Amino acid sequence: MKNVKTILITLLSVNFLSRFIILIRPLKYIDGLLIPDDAYLAMTIAKNISNGLGPLYGFDYTNGFQPLYVFLITPIYAFFPNDLVTPVHLSLFILAMFDTLALLFLFKLVKSSTRSIITPVIISLFWIFNPYVIENSLNGLETIISVFFIILSLYYFKTKIESEMEEKPLAAKGIVLGIILGLAILARIDNTILAFAVMIVFVGNGLKAHIPPRIIANSSVIIIVAAVLTVLPWLLYSYHYTGDIYQVSGNALRYMSLANVDHLPTLANWYLPMIKVAVYTIIFNNKVIILLLALSTGVIVMFCRKLPLKEILIENRVTAIMLIYSTLIFCAYSLYIFGDWFFPRYLFPLILPLLLILSQLLNYCDSLIVEKRVRYMLIISLATLAITANIYYPNLRLYYSNKDTTSRGYMNLGLWASERFEDGTRIASSQTGALAYFADNLDVINIDGVVNKSCFEALKKKRNIEYIRENRIEYVLGWDFNIKFIEKESANYKPDDLTLEEKIEGFTSWKYRWYLYRVNY
């Protein structure tokens, strides 16, 4: 037991240190590698809340953000009201802490199902040195907080709930599970699907154990009510400021995506390509784990002539929850919400069922090996694979060594705009996170509708250019296809509505050039 504790502390320390070294690097070096524009959007809202303005973005209140993360980082701006850089580093520090806590409960979750220390150690190594995990842990957004609560809910379900309900309904433990699920939803609204998956398995588990339906129903009510009460303050907050409960950002993202096919999606021109992108995203970002899944499966089949799929996928309740959740999340984003440029982030939680299945396969492999020396060789081989296979990818090395400050990222745009225009100039863009954050001397308005309900309503009526004029916007900044989006989403657009003012030199964002247009009245 003492050895397990020492190993766990070592793994957690290495995990946090590996993230800490990255997050303290100058922001100009990590901006283009890790921090998307939406991160600065969330930070801008947090800064406005801290300043007593409420969830203001541009001229309107918005609920187009994930509340738990924004509220967690809001106090930072109270301590650093005139500093734009330090709060970013501190926000990343908070995320690194959640990343380390996620690893803690992942280790404990895997350890609860295995007799050996080999499996949780190997799974941990695939987490620590995985560039995909680092990318989603230090992206300045809620991704890792959401994943932490997913893992915590799985761990609590397995260790406290799975065999608890027998002759009477759940009480305190049901309330705790409900609160955890509620916090998961506050971390990301799509974790409502997680709560749904948990309840399906919970009810199914109870029925299989022949527990009276009344007890199952009462326990379910306790969990659901606790989750709803946890989320309720945010719903009231959102309604108070915006008049809406449902976040506008999902509908706006769907609308913006479908603009690529003139809002006429078909199986051939849209749905199949979206599914293809989603599948590729999962395979590409998890290929080392998938490779080991294949190798482990081969070893088990070779020794046992049979793969215990039912025991791995169905009888293991935690894996069953994640398979239901992952299937629904995959369908939600690839078939309805879209935004394929965000798929690496939205589909990141699907790493969890892969790791959980891998842990069970490794456990089977370990049980087949009796000789100690062979088991030690297995540990060394898998640990070496977990580390070297991930270090092989350039991104992991770039996180620690990159000094490119001009070809990627959004910070340059905000800094450029803050100096280029007079205070109070009204500027619009589809990508306004860093623009609003670093150019806080300007009036920045979002025109893709993600955090701007009034703009979204104008987009649906094909009145984007009218919306720009009605809000007295002077300039529009964007990539080439951002400007074309305005043209396509404006039924009365004329060639002289926007005039090219400047091709911005000196920096790009992922090789995309920025253009400045003047609005003609």
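The values are calculated or read from the model by the stated rules, or taken from the named source; none is laboratory data. If you're wondering where the values come from, they're calculated on a predicted model, not measured in any experiment. Note that each Cβ is placed from the backbone with ideal geometry, even for glycine, and that neighbours are counted across all protein chains shown. The protein model used for the area step is the full one, side chains on, heavy atoms only, and it has no ligands, DNA or RNA in it. Shrake-Rupley method; radii C 1.70, N 1.55, O 1.52, S 1.80 Å.
With the alpha-carbon atoms of segment 174-317 aligned to their principal axes, the span from lowest to highest coordinate is 62, 51, 25 Å, starting with the largest.
Longest segment of the chain with no GluC sites (Glu not before Pro) in a DSSP loop having at most 13 other Cβ atoms within 10 Å? Spell out each step's value before the answer.
Values: sites that count: E166, E167, E315, E371, E422, E505.
Within the chain, the longest run free of exposed GluC sites (Glu not before Pro) spans 1-165.
Estimated at 0.36 nm per residue, the fully extended path between V203 and F59 surpasses their Cα-Cα distance by 47.2 nm. Dimensions of segment 1-117 based on its C-alpha atoms, expressed as ranges along the principal axes with the largest first, amount to 58, 29, 25 Å. Pairs of alpha carbons in segment 374-445 separated by more than 20 Å make up 55% of all such pairs.
In nm², what is the average projected area of the convex hull enclosing the Cα atoms of the chain? Walk me through the intermediate numbers first.
Details: hull surface 105.2 nm².
Quarter of the Cα hull surface area: 26.3 nm².
Averaging Cα coordinates gives a centre for segment 27-44 and one for segment 85-140; these two points are 20 Å apart. For the pair K276 and D423, label points projected 7 Å from Cα toward Cβ lie 5.3 nm apart. Residue-normalised convex hull volume from the C-alpha trace of segment 12-77: 111 Å³ per residue.
Summing +1 for each Lys or Arg and -1 for each Asp or Glu, what net charge is found among the other residues whose Cβ lies under 15 Å from the Cβ of S334?
Details: positive: R254, K276, R345; negative: D190, D340.
Computed value for this residue: +1.
Considering the convex hull of the alpha carbon atoms of segment 71-153, report its projected area averaged over all viewing directions, in nm², one decimal. Mind dumping the intermediate values first?
Working: hull surface 23.6 nm².
Over all viewing directions, segment 71-153 projects a mean Cα-hull area of 5.9 nm².
With q set to 0.18, 0.22, 0.24, 0.25 Å⁻¹, the log10 of I(q)/I(0) for segment 408-508, from the Debye formula over equal scatterers at the Cα positions, is -0.84, -1.22, -1.40, -1.48.
Could you tell me what fraction of 2.2 N^0.38 Å the Cα radius of gyration of segment 430-484 comes to, as a two-decimal ratio?
On the way: Rg = 11.0 Å, N = 55, 2.2 N^0.38 = 10.1 Å.
The reported ratio for this selection is 1.09.
Applying a DSSP loop filter and a limit of 16 other Cβ atoms within 10 Å to the chymotrypsin sites (Phe, Trp or Tyr not before Pro) in segment 387-421 leaves Y392. In terms of overall dimensions, the C-alpha atoms belonging to segment 233-332 reach 61, 39, 21 Å along their principal axes, ordered largest to smallest.
In angstrom, the C-alpha Rg and Dmax of segment 89-219 are 16.4, 52.
If the only charges are +1 at each Lys and Arg Cβ and -1 at each Asp and Glu Cβ, what is the size of the charge dipole of segment 163-215 around the Cα centre, to the nearest 20 debye?
Numbers: 5 positive and 4 negative charges, 11 e Å.
So the magnitude is around 60 debye.
Think of a 1.4 Å ball rolled over the protein heavy atoms: the chain then has 43 Å² of accessible area per residue. Based on Cα contacts under 8 Å between residues 6+ apart, the chain shows a relative contact order of 19 percent.
Seen from L23, the other residues with C-beta closer than 14 Å to its C-beta sum to a net charge of 0, counting Lys and Arg as +1 and Asp and Glu as -1. When each full DSSP H helix of the chain is screened for a Cα extent of at least 30 Å along its own axis and an average Kyte-Doolittle hydropathy of at least 0.0, the helices passing are 2-23, 86-111, 213-242.
For L68, neighbours were defined as the other residues whose beta-carbon sits under 14 Å from its Cβ, and their charges (Lys and Arg +1, Asp and Glu -1) total -1.
Helical content of the chain, expressed as a calculated mean residue ellipticity at 222 nm, amounts to -20000 deg cm²/dmol (DSSP H runs of 4 or more residues, -39,500 (n - 2.57) each, divided by residue number, nearest 500). Within the accessible area of the chain, the carbon and sulfur atoms contribute 64%, probe 1.4 Å, all protein chains present. Distance between the 7 Å Cα→Cβ label points at A78 and E162: 4.1 nm. When Rg and the Kirkwood radius Rh are both evaluated on Cα atoms of segment 318-477, their ratio Rg/Rh stands at 1.18.
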